[in-house]
Amino acid sequence: MPLPKINSSEEAIKLEDQHGAHNYHPLPAVLSRGEGVHVWDVEGNKYYDFLSAYSAVNQGHCHPKIVGAMHEQASKLALTSRAFHNDVLGAYEKYATEYFGFDKLLPMNTGAEAVETAIKIARKWAYERKGVKETEAEIIVCENNFHGRTTTVISFSNDEDARRNFGPYTPGFTKIPYDDPEALEAALKANPNVAGFLVEPIQGEAGVYTPADDFMQKAKDICSKYNVLFMADEIQTGIGRTGGLLAVCGHCTCEAHCERQETYTKPDILILGKALSGGNYPVSAVLADNEVMDVIQPGQHGSTFGGNPVAAAVAVAALDVIRDEQLTQNARKMGKLFRRLMDDYIRESNIVNLVRGRGLLNAIVINDSPESTTAWDICMALKENGLLAKPTHGNIIRFAPPLVMSEEQLRDCVNIITSTLKQFEK
């Protein structure tokens, strides 16, 4: 039977409340259509999307090339499982490994699955290549990390809402402060059983916490010194979002690095998701060179949907769009403009302390306690003024529009943001 027509936002929210698990607290905007940088709600109100589905929609909503690739492939062959080969997967793997500069790709579906996959690969590498005794491998992670919400991942989370009453927790993880090379070296020096260092190049969920420009390179050098895998979780930060194809580019301004990752801080394991499909389909991937990836053999890891033909076709189209439309370069240019315009406002503001970020992944810190409702109230006011954003960590508002945003649109959005903030000035 066809789904019943939803006639109002109130009706849609009521249905979710009655029949869905209450594991999210969304802003009360019920969206029914999207195109480019805009979305529309059930009542037809138009908004700028300043979250991009947590950076999944880098290429803009419903990009015709990506949607076209999905429709064309789904009409021919959608799923075979990995019991058989299909005629798209190998071409996608070749394209993506050359695009990012790795030997091999292991395809999965969601970001959390990709993180779990990377952890398994790192542990197996430690036992079979580094000589760590089985079951004793350790993964170093950072405080205030966000790598998903699976049982393993919440075991090393600082977020008590995500952790509480979900134990017993998975052992094998050590937390160190973020952006602290000395703490990383001390942890590796103290424990010869470390398999890998799992890190976000920018901590998005923690409030777009942006480390020192040289943190990634220092971390990679330290990992290499102690024969430890440097594992970059670029699910939210990668694929153009921060003004480099990957956020491990730091503040690199070389155009070539945004097209081909040849001389950058190369991870030993790269974890991708979200924008790998432009938000149109669940696609994630783990990339590594042969010496690491070849520890995985038939029967040791898999996914019924991982590497399906639709996902492969969609991912190729999504990566094409990033390259062909120079969205990485646009993110760098628009991000600099956004932070400059916001800094101009903040100099005279008493409601905003600072703006931080890189490319088009940015956040403002509200001058109120994390326990206050001020950031939420500001986001509700932004919604009424035609822009959608969401608070994180209480008093921080994250801004991450699609990378297809033009300068005219960005300036319009900054005007909406600043005029809304002025309503809250003390």
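Read-outs throughout are calculated quantities, based only on the coordinates presented, and are distinct from any laboratory measurement. Keep in mind the model is a prediction, meaning the values are calculated, not measured. We place every Cβ from the backbone using ideal geometry, glycine too, and count neighbours over all the protein chains shown.
Over what distance in Å are the Cα centres of the stretch 153-228 and the stretch 358-382 separated?
Cα centroid of the stretch 153-228 versus Cα centroid of the stretch 358-382: 26 Å apart.
Could you grab the relative contact order for the stretch 148-235? Cα pairs under 8 Å, six or more apart, rounded to a whole percent. Could you put the intermediate results ahead of the total?
Details: 80 pairs, mean separation 22.7, N = 88.
Over the stretch 148-235, the number comes to 26 percent.
Most exposed first by the Cβ proxy, i.e. fewest other Cβ within 10 Å, how do TYR95, TYR178 rank?
Listing TYR95, TYR178 from fewest to most nearby Cβ atoms yields TYR95, TYR178.
Could you pull out the chymotrypsin sites (Phe, Trp or Tyr not before Pro) across the stretch 1-68 that fall in loop regions by DSSP (anything but H, G, I, E, B) with no more than 15 other Cβ atoms inside 10 Å?
On the way: sites: TYR24, TRP40, TYR47, TYR48, PHE50, TYR54; in loops: TYR24, PHE50.
Hits after loop and neighbour filter: TYR24.
Based on Cβ point charges of +1 for Lys and Arg and -1 for Asp and Glu, what charge dipole magnitude is obtained for the chain about its Cα centre, in debye rounded to the nearest 20? List each step's numbers first, then the result.
Details: 42 positive and 55 negative charges, 53 e Å.
The calculation lands at about 260 debye.
Here is the link list: LYS130/LYS266; LYS133/LYS274; LYS104/LYS333; LYS124/LYS220. Which ones come out longer than 28 Å on Cα distance?
On the way: LYS130/LYS266 20 Å; LYS133/LYS274 35 Å; LYS104/LYS333 32 Å; LYS124/LYS220 20 Å.
Too far apart for the 28 Å limit: LYS133/LYS274; LYS104/LYS333.
Rounded to the nearest 0.05, what FRET efficiency do TYR95 and GLN300 give with R0 = 25 Å and r taken as the Cβ-Cβ distance? Could you check?
0.50
Run the simple label-point estimate for LEU337 and THR418 please: 7 Å along Cα→C-beta, distance reported in nm.
1.4 nm
Below 8 Å, C-alpha to C-alpha, sequence gap of six or more: please give me the relative contact order for the chain in percent. Numbers along the way, then the final one.
On the way: 843 pairs, mean separation 95.8, N = 426.
With pairs under 8 Å counted, the relative contact order is 22 percent.
So how much slack lies between ARG33 and VAL67, counting 0.36 nm per residue of separation and subtracting their Cα-Cα distance, in nm? Spell out each step's value before the answer.
Numbers: separation 34, 0.36 × 34 = 12.24 nm, distance 1.39 nm.
My answer for the length gained is 10.8 nm.
Taking 0.36 nm per residue of sequence separation and subtracting the Cα-Cα distance, how much length would be gained by fully extending the chain between TRP40 and ASP159, in nm to one decimal?
Values: separation 119, 0.36 × 119 = 42.84 nm, distance 3.23 nm.
Extra length available between TRP40 and ASP159 comes to 39.6 nm.
Given a Förster radius of 35 Å and the C-beta distance between HIS19 and ASN385 as r, what FRET efficiency does 1/(1 + (r/R0)^6) yield to the nearest 0.05? Display every interim value, and only then the final one.
Numbers: r = 31 Å, r/R0 = 0.90.
Result of the calculation: an efficiency of 0.65.
Kirkwood Rh, Cα Rg: Rg to Rh for the stretch 64-324?
Details: Rg = 17.9 Å, Rh = 18.7 Å.
Expressed as Rg/Rh, it is 0.96.
Could you pull out the trypsin sites (Lys or Arg not before Pro) across the stretch 110-145 that fall in loop regions by DSSP (anything but H, G, I, E, B) with no more than 11 other Cβ atoms inside 10 Å? Provide the component values of the computation, followed by the final result.
On the way: sites: LYS120, ARG123, LYS124, ARG129, LYS130, LYS133; in loops: LYS133.
Answer by residue number: LYS133.
What does a probe at TYR226 reach in the stretch 146-164, counting residues whose amide N is under 16 Å from the point 7 Å along Cα→Cβ?
none
Debye calculation, C-alpha points only, no solvent: report log10 I(q)/I(0) for the stretch 1-132 at q = 0.18, 0.20, 0.21 Å⁻¹, in the same order as the q values.
-1.26, -1.32, -1.35
Report the GluC sites (Glu not before Pro) located in the stretch 339-406 that are in a DSSP loop and have at most 16 other Cβ atoms inside 10 Å of their Cβ, or state none.
Numbers: sites: GLU348, GLU371, GLU384; in loops: GLU348, GLU371.
Of the GluC sites (Glu not before Pro), the ones in loops of the stretch 339-406 whose Cβ has at most 16 other Cβ atoms within 10 Å are GLU348, GLU371.
Ranked highest first by the average count of other Cβ atoms within 10 Å around their residues, in what order do 240-248, 206-214, 358-366, 406-414 fall? Write down the numbers at each step before the final one.
On the way: 240-248: 29.0, 206-214: 18.6, 358-366: 25.1, 406-414: 15.6.
So the peptides 240-248, 206-214, 358-366, 406-414, ranked by packing, come out 240-248, 358-366, 206-214, 406-414.
When a/c is below 1.5 the answer is rounded, else prolate if a/b is larger than b/c, else oblate, so apply that to the stretch 128-229 with a ≥ b ≥ c taken from the square roots of the Cα gyration tensor eigenvalues.
Working: a/c = 2.35, a/b = 1.11, b/c = 2.11.
Here the stretch 128-229 falls in the oblate category.
If R0 is 41 Å, what FRET efficiency do you get for LEU3 and SER81 from their C-beta distance, rounded to 0.05? Write out the running numbers ahead of the final one.
Numbers: r = 28 Å, r/R0 = 0.68.
For LEU3 and SER81, the calculated efficiency is 0.90.
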